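So the structure is just underneath, and the comments pick up after that.
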Amino acid sequence: MASKGQQTGMRAVYLVAAEMVGRGFIVSPTARNAFGADLLITNESCTRAYSVQVKANSRPASFWLLGEKAKRLGSSTHVYVFVNLAAEGSAHEYYVVPSIVVKRHLLEAKAKTGSIWYSFSKEDAAKYKNAWKILGRIKPAVA
């Protein structure tokens, strides 16, 4: 059985995929073991493509945990979508942040056990709330 964290992550991946489809992108989830990307997206003419890493919290929080890989991922075609899931009936929070910004503002902390934790703060993400335009201006799909 999937852990609560895995369920939260998968829920967020599909919520982000649905947002992107609604914005006119062709979206494909990756295999769960894909390095650094949960979604691959392109526009209908295949002239613009991105890899997307989704990070989620099961409820609103002030930061998102990242892996050490985030220190190396910095590309104009790779973005993070940070998600704070909300209670039923409330709106989820989405922050669309270029990977270069995440790499620059990545926080590193050492736990008492000696392990290293990496995170990205909501404060650094704030100006990217609902910044879907970072992915380009794509006409929304016609229903």
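In this simple spin-label approximation, TYR14 and ALA49 carry label points 7 Å from Cα along the Cα→Cβ vector, and these lie 2.6 nm apart.
Over the Cα atoms of segment 4-135, the radius of gyration divided by the Kirkwood radius equals 0.95; this is the Rg/Rh ratio. Here r is the Cβ-Cβ distance between LYS4 and ILE134 and R0 is 22 Å; the resulting FRET efficiency, rounded to 0.05, is 0.15.
Taking Lys and Arg as +1 and Asp and Glu as -1, the other residues whose beta-carbon sits under 11 Å from that of LYS103 total +4. Segment 82-121 and segment 1-67 have their alpha-carbon centroids 14 Å apart.
Across the options THR8, SER121, LEU40, the greatest Cα extent toward the positive end of the charge dipole of the chain (unit charges at beta carbon of Lys, Arg, Asp, Glu) belongs to SER121.
Put simply, the convex hull of the Cα atoms in segment 46-93 casts, on average, a shadow of 4.7 nm².
Compared with the direct C-alpha span, the chain from HIS92 to LYS127 gains 11.0 nm at full extension, assuming 0.36 nm per residue. Between ALA34 and THR77, the simple label model (points 7 Å from Cα in the Cβ direction) yields a spacing of 1.3 nm. Normalised by the number of residues in segment 4-135, the average gap of Cα pairs under 8 Å and 6 or more apart makes the relative contact order 19 percent.
We did not get these values from a lab; they are worked out from the coordinates using the rules stated. Nothing here was measured: the structure is a model prediction, and the numbers come from that model. We place every Cβ from the backbone using ideal geometry, glycine too, and count neighbours over all the protein chains shown.
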